[in-house]
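Take a look at the structure below.
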Amino acid sequence: MADIRIDNLRKEFGSFVAVQDSSFTVHDGEFLALLGPSGCGKTTTLRMIAGLELPSSGKIYLDGEDVTFNRASARDIAFVFQLFALYPHMNVRRNIGFPLLSQGMANAEIRQRVEETARLLQIDHILNRSVSGLAGGDRQRVALGRAIVRRPKCFLMDEPLGTLDAEFREIMVHELRELHNRIHATTVYVTHDQHEAMAMADKIAVMNHGVIEQFGTPQEIYAKPATMYVADFIGSPPMNFMRFTSGLKSGDRSILLDGVDVVVPEIHEDMAESELALGVRPEHIRFSDASRLRGAVYGSEYLGTNQVVAVETPGGLIKARVPANRSFRIGETVGLEFSPEKLALFDCTSGRAVPSQLYQETRHG
Ligand code: ATP
């Protein structure tokens, strides 16, 4: 297994910049998710790591070795595509063993490796079946088997669950993570689905227009989003933003929102005259009759264990995730209370989080 390090990687297609000077390291055995909407440069980044696309500038290191200009076949990497073409005329055993046969490995060793791989993926009972009759989940397992049978240094996966229906996707998310826990292969996984990334990855790189907006653990990215884009992309419903013009100075601990004092994490910069946004996740809002920050219930969505209630405030619509055991009338007035230690502040001009007590650990961590 191996570290993958990319250093100032850039890809231009004519005058269009698909990947802008990305740098990050995936440590040995780590699972990284490249997460972002369609067209943000995830696949291009992955293809450069695989050696299928040449960077315009920057370097790629595999286990410390500069492989930037090595051919794909000279990099010990397995690439699992979304639509992994299995050979329909071969059975499962021959599909999995094919990469080893191409390498010229002896039949007895191929047999042993294929059976070991099939046991790992729990498909040893279908080894002699034809792949054409297999269900989606089993086809993906065969595709994975074909990738891991070579025991490559790393895995690159491009939306491998994209074609599966929702039920299978959930099962495969769990299985892929389980498989990763067993074989600890360094993995880079491309997805536009935040749930997949959060459930599987050790680290996530959130991408936007070719730029990595934040690189961190799922917990860091969720609790301390570096930008408004990340705060909005991660979380369902996403973080609420309440805009205000700041008179904040370094050391301040509260802001004036809709004429009401709201306690926030201590600020470490003078922000007077800036347009700021207070960010709060729906689950960090409580309804309290004592709160002077008030709004009218606009609608609610019952989710079984809890409900999401939309509240119209003077600063805009706020969504709160609250217990399901209370019903609300449309138009009913409620008071909103926030957990101060969970609040984020953003500079609306740059979109970046304002240096504060909340962000101290992340910045120096
Ligand atoms: P998707 O999930 O839709 O594939 P993505 O985040 O993986 O999205 P990329 O496939 O990396 O995005 O594409 C990034 C941008 O680069 C897109 O705007 C795409 O149109 C452009 N692009 C990709 N390959 C080429 C190419 N060969 N020539 C020109 N533009 C390209």
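In order along region 20-31, the Karplus-derived 3J(HN,Hα) couplings, from 6.51 cos²θ - 1.76 cosθ + 1.60 at θ = phi - 60°, round to 10, 6, 7, 9, 6, 10, 9, 6, 3, x, 7, 10 Hz, and Gly and Pro are given as x. Largest GNM mean-square fluctuation among 33, 106, 231, using the chain with Cα springs under 10 Å: 106. Longest stretch of the chain clear of exposed loop sites (trypsin sites (Lys or Arg not before Pro), DSSP loop, at most 10 other Cβ atoms within 10 Å, sites excluded): 72-325.
Per-residue ellipticity at 222 nm computed for the chain from its helices equals -7500 deg cm²/dmol, with DSSP H segments shorter than 4 residues left out and the rest contributing -39,500 (n - 2.57). Taking 23 Å as the limit for the C-alpha separation, the pairs 203/249; 249/319; 42/319; 249/342; 59/203; 42/203 exceed it in the case of 203/249; 249/319; 42/319. Here is what passes the span test in the chain: the DSSP H helices with alpha carbon length of 15 Å or more along the helix axis and a Kyte-Doolittle mean of -1.0 or above are 92-102, 136-148, 166-183. Considering only beta bridges that DSSP places wholly inside the chain, some 75 percent are antiparallel. Pairs of C-alpha atoms in region 15-113 farther apart than 22 Å represent 46 percent of all such pairs.
For the chain, the relative contact order is 16 percent, taking Cα pairs closer than 8 Å that sit 6 or more residues apart in sequence and dividing their mean separation by the residue count.
Largest mean-square fluctuation among 29, 104, 216, in a Gaussian network model of the chain whose springs join Cα atoms under 10 Å apart, belongs to 104.
Just the C-alpha atoms of the chain: what Rg/Rh do they give, with Rh taken as the Kirkwood radius? So for the chain, dividing Rg by the Kirkwood Rh gives 1.06.
No lab work stands behind these numbers, since they all come straight from the coordinates. Here the structure is a predicted model, which means the values were calculated and not measured. Positions of Cβ are generated from backbone atoms using ideal geometry, with glycine treated the same way; all protein chains shown enter the neighbour counts.
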